[in-house]
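Report on one structure; see the data block that follows.
The values are calculated or read from the model by the stated rules, or taken from the named source; none is laboratory data. From a predicted model like this one, the values you see are computed outputs, not experimental measurements. Please note: Cβ atoms are built from the backbone with ideal geometry, for glycine as well, and neighbour counts cover all protein chains shown. To get the accessible areas, we keep the full protein, side chains included, count just its heavy atoms, and leave off ligands, DNA and RNA. Shrake-Rupley method; radii C 1.70, N 1.55, O 1.52, S 1.80 Å.
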Amino acid sequence: MRRNVQAGLLVLCGAAVLRISLFSEVYLRYVKASLRPYLILSGGLLITLGLLGAVAAWTASRKPQETKHEHEHEHEHEHESTNHGHGHDHTSGPRVGWLLAIPAAALLLFPPPALGSYSAEREEAARIAQRVGTFDALPAGDPVDLTLNQFTSRAVYDSGGSMTGRAVRLTGFVTRDPDGTWYATRLQISCCAADSRPIKVAIRDAPAPPPGTWVTITGTWHPKGTPGTDEAWPPTLDATTVKRVPQPESPYENW
Amino acid sequence: MRPDVRGAVRPDVHGEVRPDVRGDVHSDVRSDVRRDRGRHGRDLRRVADGARLAARGLVYVVVGGTALLVIATVASVLGPMFAWDLWGRYGPAVAAWWTVFTAVVVQGVPFLMLGTLVSAAIGAFVPEQVFRRLLPRNQALAVPVAGAAGVVLPGCECASVPVADSLMRRGVAPAAALAFLLSAPAINPVVLVATSIAFPDSPEMVVGRLVASLATAVVMGWLWVRFGSDKWLPPRGRRPAAQTPTSPGDRWGEFRGGVQHDFLHAGGFLVVGSAAAATFNIVVPGSMLAAFTESPWLSVLLLAVLAVLLCVCSEADEFVAASLTGFSPTARLAFMVVGPMVDLKLIALQSGTFGRAFAIRFSAATWVVAVASSVLVGWWLL
């Protein structure tokens, strides 16, 4: 691989990383939010390195230019001469690096969508492990916005019943069980989409929208079972309103 | 065209009718035939041949064209239906594969960047004597020191491969560099803190992970001292320019060149490994594993294999392990010990950096040692 091609690849990778992290929120489809500064930093570094590499390749190609010229003059009719001329320009660049062009081009042209109901339906819902105890009072707000994770841990592990009587609002996409129960579902990631696990809140008192639709549900917690036991699962919400919404910028929750 | 054609078929010129102009020259040939009676029969036969050929060609065109038309029509109607059916069946899986693949690459990039920066800096700026002075002369002693030094590199396994490579090129004994390679992604503070968050009720899991990972790294280093052969590694000094930086300007140039080379190299293998990881991520759903949780021994081996196949980053695998609630703590410990040391992504990275002969032997041995050490530690602590 020639030096200026290597430099070009670095710029391509850098551009792809910056396109999803600095110029848009697309990176949230793949990795957790806290990785953003590192992505921006790496993208910037890659572009800088690529440009420096291009400059270095350019200056390096100018120096041996004269000798190369003489070479070609001497062996005008020999096939080797062209190979020989190239020999000065490129160091033994790793050819496997070309593979980086695939994800880079994909990210620049058509970034893959976030994982959704397909992945959620294949996996068992994650059961957050936690100690039973009392929780801080819910923040003010009527209804109060909670993540599925917050709702679940309060629904299952809160011995103080901090959600009793409060109107809460949850956002997720619709998944269904064969028995007809439907859930507000989110995928939780801890590092990247490869480790995603679904988290589900069962919704009662409302007809199920089509699977995969994103909805915002307002309702109240439906207490059941003793906190921390199997009977407390799955966390359940009595819905008062169900509203369709577009997919949020940040499709996953954090573990 | 015409004058040429006429000239070509005139019998007194060539005495032959060119087969390639048979259709067009029909009438002209007839007038020529009248002039030269002696060749009449032969020419007539030729004309008939030509006409037959033309007719046959016409039939071929009509029949073949119709057939093609039918095939094209059927294909254009059924093809999309078939493709749509395939897409309906496999489309979501393909889309999910594509997303997971991209996600693994994207999250690997910053760590790879860190790793290549550190390794290129070691290659360009740190003189060889430094490591010789820091590490004990005796290899058997240098191994545990290097293993414990893994604490200082806060990254996942993608970062440690290029660093270990540049350590070797700077004259660090392979055994020590390999111990560092194994321990760095598993025992650094970021990973240990994440582990304690993933297992809030069991701090012994954090201790177990630290002890078992360090033990594996050190044992592997010692095994290398005893049985390892430098023949399995690529010859030292692949990049001779890296060995002797002269002026400060050259060093920066060397640093830049090192980062460029290492990033493209390791990045390419990261792409290979990510494709493998995404494939297994889509093919092996987590819920399928529940069937294997009954036997404790089998479950340890199963999770140890799974760690190799899934290639979860060492900064995330504790959360995956925590979610595998059906498995024994020892099995989950094995998952966390094996994962950062042996997985498809790492094998791809290592065979790129150190050669395939090395990567296969080393990964196989590491896998066995890691499973053994997590079983021992699990039996002792958990």
ask   = Applying the Karplus parametrisation 6.51 cos²θ - 1.76 cosθ + 1.60 with θ = phi - 60° to the phi angles of the stretch B:48-55, what ³J(HN,Hα) value in whole Hz is obtained for each residue in order, glycine and proline being reported as x?
value = 4, 4, x, 4, 5, 4, 4, 5
message = Tell me the angle of helix A:148-157 to the major Cα principal axis of chain A, expressed in degrees between 0 and 90 and rounded to the nearest ten.
response = 40
inquiry  = Give me, ordered by chain and number, the residues 5 or more places off B:Leu135 or on other chains with an amide H under 5 Å from its own placed amide H.
reply    = none
message = If each residue of separation counts as 0.36 nm, what is the full-extension length gain between B:Leu298 and B:Val62 once their alpha-carbon separation is subtracted?
response = 78.2 nm
key: For the stretch B:303-310, 3J(HN,Hα) per residue [Karplus equation, 6.51 cos²θ - 1.76 cosθ + 1.60, θ = phi - 60°, Hz, x = Gly/Pro]   = 5, 5, 5, 4, 4, 5, 6, 7
task = Give the angle, between 0 and 90 degrees and rounded to the nearest 10, that separates the Cα long axis of helix A:3-21 from the longest principal axis of the Cα atoms of chain A.
result = 20
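Equivalent-ellipsoid semi-axes (√(5λ), Cα gyration tensor) for the stretch B:156-206, whole Å, largest first?
29, 10, 6
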message = How long are the semi-axes of the equivalent ellipsoid of chain A, taking √(5λ) for every eigenvalue λ of the Cα gyration tensor, in whole Å from largest down?
response = 58, 17, 14
ask   = Hey, can you list the residues from the stretch B:96-119 whose accessible area shrinks by 50 Å² or more with all protein chains present, relative to the chain by itself (probe 1.4 Å, no ligands or nucleic acids)?
value = B:Trp98, B:Thr99, B:Thr102, B:Ala103, B:Val106, B:Gln107, B:Pro110, B:Met113
Computed magnitude of the charge dipole of chain A (debye, nearest 20; Cβ of K, R +1, Cβ of D, E -1) = 720
remark   = The set of residues whose placed amide H lies less than 5 Å from the amide H of A:Gln188, leaving out same-chain residues fewer than 5 positions away, is A:Arg197, A:Ile199, A:Glu253
message = If you average the alpha carbon positions of the stretch A:188-255 and of the stretch B:169-202, how far apart do those two centres end up, in angstrom?
response = 36
note = Residue-normalised 222 nm signal for chain A, counting each DSSP H run of n ≥ 4 as -39,500 (n - 2.57), nearest 500 deg cm²/dmol, is -11000 deg cm²/dmol
task = Please list, in chain and number order, the residues 5+ apart from B:Cys311 or on another chain whose amide H is under 5 Å from its amide H, with Hs placed from the backbone.
result = B:Leu344
request  = Return the FRET efficiency for the residue pair A:Ser250, B:Phe227: r is the Cβ-Cβ distance, R0 is 51 Å, and the value is rounded to the nearest 0.05.
outcome  = 0.50
inquiry  = Given axes a ≥ b ≥ c from the Cα gyration tensor, I'd like to know whether the stretch A:123-245 is rounded (a/c under 1.5), prolate (a/b larger than b/c) or oblate.
reply    = rounded
Reachable lysines from A:Lys32, criterion Cα separation under 22 angstrom, eight or more residues apart if same chain = A:Lys200, B:Lys345
message = Going 7 Å from the Cα of A:Leu41 along its beta-carbon direction, which residues of the stretch B:131-175 have the amide nitrogen within less than 19 Å of the resulting point?
response = B:151-163
query = Along the charge dipole of the stretch B:61-195, Cβ charges K/R +1 and D/E -1, which of B:Phe180, B:Pro136, B:Phe101 sits furthest on the positive end?
reply = B:Pro136
note = Here the FRET efficiency for A:Ala101 versus A:Glu231, based on Cβ atoms and R0 = 60 Å and rounded to 0.05, is 0.65
request  = Indicate the gyration tensor shape class of the stretch B:63-123 (rounded, prolate or oblate), computed on the Cα atoms with a ≥ b ≥ c the square roots of the eigenvalues: a/c under 1.5 is rounded; otherwise a/b larger than b/c is prolate and the rest oblate.
outcome  = oblate
ask   = Given a 1.4 Å probe and no ligands, DNA or RNA in the count, how much accessible surface is buried by A and B, both sides, to the nearest 100 Å²?
value = 4000
request  = Determine which residues of the stretch B:251-284 fall in the zone a paramagnetic label at B:Val130 would reach in this model, i.e. backbone nitrogen under 20 Å from the point 7 Å along Cα→Cβ.
outcome  = B:251-263
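Would you kindly state how much longer the chain becomes between B:Arg356 and B:Asp85 on full extension, computed as 0.36 nm times their sequence separation minus their alpha carbon distance, in nm to one decimal?
Length difference between fully extended and current span is 93.5 nm.
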request  = Using a 1.4 angstrom probe on the protein heavy atoms only, line up A:Lys63, A:Lys243 by accessible area, largest first.
outcome  = A:Lys63, A:Lys243
task = Obtain the nm distance between the two label points defined at B:Leu141 and B:Asp49 by a simple spin-label model: each point lies 7 Å from its Cα along the Cα-to-C-beta direction.
result = 9.8
